[in-house]
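Here is the structure we will look at.
Values quoted throughout were computed directly from the atomic coordinates according to the rules given, and no laboratory measurement underlies them. Please read all numbers here as calculations on a predicted model, not as lab measurements. Cβ placement follows ideal geometry from the backbone for every residue including glycine, while neighbour counts extend to all protein chains displayed.
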Amino acid sequence: MGLFDKIKEKLSHEFIDIIEWLDYTEDTIAHRFERYQNEIKNNAKLIVREGQTAVFINEGQLADVFGPGTYTLNTQNLPILTTLKGWKYGFDSPFKAEVYFVNTHLFTDEKWGTKNPITLSDERFGLVEIRAFGTYAFRIIDAGKFIKDIVGTDANFTNFEINEHLKSLIATRFTDTVGEAKLPIELYAANTTELSETCKEVMQPEFSSVGISLEKFFIENVSMPEELKKEIFEYSRIDKLDLDKLTKFKTAKAIEAAANNEGGTAGAGMGMGMGFALAQQMGTAMANPQAHQPAPQAATPPPMPVATQYYYAINNQQQGPVSFEQLQSLFASRTINRDSLIWKQGMSEWKALQELDELKPFLGGNTPPPLPAQ
């Protein structure tokens, strides 16, 4: 480029008298208006369209901010810049300043999600992992703060650049919120609307601190491992059904399935066990016919059986004693869980509820006990 070409370029840029920005993209948040040496003509026109804010920066310092409208740039319309420059009686053209245009329209359908599973502690199921994802919408409400704290000197700041920061912020605050909520694990997926509103309130101050407003926040799905889902469904059914009837029903189904599985070890063992028991009963009956005759009714009834009394621990405090039925009700109401410590007469030490055979029906187990050794 020759000398005259450089002079021509300088003059053509130096005396620009209209400052405006037409956004032809869908993802630009902030754009710096480029001029030769940042020079602006005195009384130049500034055009700020709807959905935009113009921010003037002087030597790294935030100066004047303009909303939608048309302005004549002079000492009256640039009070902060005039003070920073020390213009007491006006200024001569040109003057230098950086001008940033910020998009203030609503950015919608932004995606977020948890990169790693969130570990939660549930009283009934112990440590469990969940994942979540959804969408959010935001807009810039303080263009000056946003330029100063986020954009810096970036000439063209895009939606992609801020989204990485916002998604990390959302994932962190979402993890904190669900951890402090301490809801039963099955209620997270059933209460996404309420949880979304709570998360939005928690995150709003973080967004506002950099000039952004979190306009909408949605949790579309909270997922958990399939085996945990099955256990929750099983627990839900147990909570609604009579435990004694459910146990008998599942035991009968398990015996039927084992008997029908003729090719399997369980079916063979079950068939042999039932055959041996039947043969033994028949042999005993033939050898001693009187053994199976009904005994004469006793003149006085036998003593009433003594109901087993159980003690249980809550927050390291001994509670009880309670009956089997009362203990069952405590489990159904989630006062105790499978890991709660239980003790009864004859036990040498406290044990978890799930380790006591007579209490295992509480857990809804559907597997018959092992066959006796032959």
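Once amide H atoms are built 1.01 Å from N in the peptide plane, which residues 5 or more positions from Ala352, or in another chain, come under 5 Å H to H? Residues meeting the criterion, in which the H sits 1.01 Å from N, are Ile342.
Taking packing as the residue-averaged number of other Cβ atoms within 10 angstrom, the listed peptides 137-143, 318-324 run from highest to lowest as 137-143, 318-324. Model label sites at Glu325 and Ser208, defined 7 Å from Cα along the beta-carbon direction, differ in position by 5.6 nm. Taking 7 Å steps out from each Cα toward its Cβ at Glu197 and Ser223 produces label points 2.8 nm apart.
Taking N as the residue count of segment 173-216, its C-alpha radius of gyration divided by 2.2 N^0.38 Å amounts to 1.26. With each label modelled as a point 7 angstrom along the Cα→C-beta vector, the Lys360-Thr177 pair spans 4.3 nm.
Estimated at 0.36 nm per residue, the fully extended path between Ala307 and Ala155 surpasses their Cα-Cα distance by 46.6 nm. Near the amide H of Asp64, within less than 5 Å, lie the amide hydrogens of Phe56, Leu81, all on another chain or at least 5 residues away, with H placed in the peptide plane. Shape descriptor for segment 44-141: Rg over Rh equals 1.35 (Cα atoms; Rh from the Kirkwood inverse mean 1/r).
Counting pairs of Cα atoms in segment 121-205, how many percent are more than 22 Å apart? Please report the intermediate quantities before stating the final value.
On the way: 1417 of 3570 pairs.
The proportion of pairs with Cα distances above 22 Å equals 40 percent.
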